[in-house]
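See structure below.
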Amino acid sequence: MAGIHATLYTTLMLLALVLTVWALFFMATSRPVDGAFRSTYVLLVGTSVFQGVLGVVLLLMGYRPSSSFHYLYGISLIVFTGAGYAFASRGDGKRETLIYGLMSLAAFGLVLRAFATAR
């Protein structure tokens, strides 16, 4: 179970990084995000939730991270990615791209911080 949790860390980190670069591409070319981007962002949100569920299962099994901040980063990841999706859909294309880009960058940072506090 801990191995799956660790593998999902890598998945989340790569998804967040790819989405951040992808959003920068959209901003640089003044194009709105497309359905493929939105679908990948939803994959990021779903993977974040699944990672959180696995974290709770590991906690119930007696595994604990070295720092309590690990919980904060995990909860923040789920909240920020979900809120980003909700807020991005309300507005024009440039606003949507900017919000997705910022939330993807924030997710990347939160994933890195969660990893740093897990050991």
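Note the direction-averaged projected area, equal to a quarter of the hull surface, for the Cα convex hull of region 53-119, in nm².
Average projection, Cα convex hull of region 53-119: 4.5 nm².
Taking 0.36 nm per residue of sequence separation and subtracting the Cα-Cα distance, how much length would be gained by fully extending the chain between Leu58 and Leu72, in nm to one decimal? Each step should come with its number before you reach the end.
Values: separation 14, 0.36 × 14 = 5.04 nm, distance 1.58 nm.
Result: 3.5 nm gained on full extension.
At 24 Å minimum axial length over the Cα atoms and a Kyte-Doolittle cut of 1.0, report the qualifying DSSP H helices in the chain, or say none.
For the chain, where a helix must reach 24 Å along its axis and average at least 1.0, the hits are 2-28, 35-60, 69-88.
For region 2-118, state the semi-axes of the equivalent ellipsoid (square roots of 5 times the eigenvalues of the alpha-carbon gyration tensor), sorted largest first and rounded to whole angstrom. Could you put the intermediate results ahead of the total?
Details: eigenvalues 159, 29, 26 Å².
Computed over region 2-118, the values are 28, 12, 11 Å.
Coordinate-derived values only; no laboratory data. Remember, predicted model here, so these are calculated numbers, not experimental data.
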